[in-house]
Amino acid sequence: MIISIKSSFDLESTLFSGQVFRWQKFDGWYFGVIFDHVVKIKQIDNSIEVYCENTDKFFVSRMLSKYFNLDLDIDEVYNQLPKDEFVQNPIKKYKGMRILKQDPWECLISFICSSVSNIKRISKNIEDLCINLGNNIHLGSYSRQSFPTPQDIIYAGPDFLRELKLGFRSEYIYQSAKMIESGEVNLEELYSLSYDESLQTLVSLPGVGDKVANCVLLFAFNKLDAFPVDVWINRAITRNYLKGEKLPPLHVRNWSRNYFGNYAGYANHYIFHGIRLQD
């Protein structure tokens, strides 16, 4: 089926900008798993062609609309961001790159895996988790695995996670799964909480600091004022806006949320994607 998109859209940049880790590209098509459904997709001008094992067109359309946040007028986002060159240059280069609305549980585990790592390694860690603990799902002859549930993680245990080369993250993932499965932390509640309340909840999980929590708030919960600060973003913001002063990540995060406003997360991700591809 074909889905038309009303405002700017860049599928390649959206899927390979470091916010999600399970997409693969073959012969101009992108293959991935969205909410436990295998999807095959490509962009044609300002539309996307999509195949899914679920043939209900309304269901697939709504699933893609949610995942890619297609109801958001991204051109209005651009209009509300500051006009300085440092943020506007990557916007011009990657115009249409979207911030996704991912499954919160998968997003959380993905960014726990991101600690002291890189995109290639995170992708392998996540895929190994799915291959070993997920259920087989298909699109024709193409097979992938669903993302393991908290119950799957608990059943496997931290020793098995270490066998998958998750290292010190194994215990964090295992303990987080236990807290979520027990109801001690309810991820679904975060949709209705404020940024500060959601942040406080997430950092109560093992292995989740301010950066990881802001990534999850931005890429899963659509809190578009979230502003993750890693080494690259810290360096970029301090050099280009704060006279090169060496400042702690929380100071950079608070300053940036104030400067970039309600769509600070979009500024963050465009800056991150731009500087990452320069290196």
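Restricting region 107-129 to residues that are surrounded by fewer than 22 Cβ atoms within 10 Å (Cβ to Cβ) and without any contact (Cβ under 8 Å) to a residue 60 or more places away in the chain, which is farthest from ALA267 (Cα to Cα)?
Top of the filtered list is ASP128.
I need a count of the residues in region 234-279 that are in contact (Cβ under 8 Å) with a residue 12 or more places away in the chain and farther than 20 Å from ASP75 by Cα.
16
For region 185-208, enumerate the residues that are in a loop (DSSP other than H, G, I, E, B) and of a type in the set (Val, Ile, Thr).
Residues satisfying the conditions are VAL185, VAL203, VAL208.
Is it the case that some residue within region 231-250 is touching a His at 6+ places or on another chain (Cβ under 8 Å) and either of a type outside the set (Gly, Ala, Ser) or under 21 Å from ASP103 (Cβ atoms) (or both)?
no
Where residues in region 124-170 are small (Gly, Ala, Ser) and in contact with a strand residue (DSSP E or B) (Cβ under 9 Å, 6 or more places away or on another chain), which of them is farthest from ASP230 (Cα to Cα)?
Residue satisfying both the conditions and the ranking: GLY140.
Conditions tested, residue by residue: (1) farther than 17 Å from LYS92 by Cβ; (2) more than 21 Å from the chain's Cα centre (by Cα); (3) among the hydroxyl-bearing types (Ser, Thr, Tyr); (4) not assigned by TED's automatic domain parsing to the domain that holds LYS211.
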site: ARG239; (1), (2), (3), (4): yes, yes, no, yes
site: LEU242; (1), (2), (3), (4): yes, yes, no, yes
site: GLU245; (1), (2), (3), (4): yes, yes, no, yes
site: PRO249; (1), (2), (3), (4): yes, no, no, yes
site: ARG253; (1), (2), (3), (4): yes, no, no, yes
site: ASN258; (1), (2), (3), (4): yes, yes, no, yes
site: GLY261; (1), (2), (3), (4): yes, no, no, yes
site: PHE272; (1), (2), (3), (4): no, no, no, yes
site: ILE275; (1), (2), (3), (4): no, no, no, yes
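Which residue out of PHE86, PHE9, PHE21 is hydrophobic (A, V, I, L, M, F, W, C), in a loop (DSSP other than H, G, I, E, B) and farther than 30 Å from ALA177 by Cβ?
PHE9
Does PHE147 meet the test of being touching a residue at least 60 places away in the same chain (Cβ under 8 Å), assigned to a loop (DSSP other than H, G, I, E, B) and among the hydrophobic types (A, V, I, L, M, F, W, C)?
Here the answer is yes, as PHE147 does meet what is asked.
Matching residues to (1) farther than 20 Å from LEU139 by Cα; (2) crowded, with 17+ Cβ neighbours inside 10 Å:
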| site | (1), (2) |
| --- | --- |
| THR14 | yes, yes |
| LYS25 | no, no |
| GLY28 | no, no |
| ILE41 | no, yes |
| VAL60 | no, yes |
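Which one is farthest from ASN186 (Cα to Cα) among residues in region 215-233 that are touching a helix residue (DSSP H, G or I) at 6+ places or on another chain (Cβ under 7 Å) and touching a residue at least 60 places away in the same chain (Cβ under 8 Å)?
Here the answer is LEU224.
The values are calculated or read from the model by the stated rules, or taken from the named source; none is laboratory data. These numbers were taken from a predicted model, which means no experiment stands behind them. When we count neighbours, we look across all protein chains shown, and the Cβ atoms used for this are built from the backbone with ideal geometry, even at glycine.
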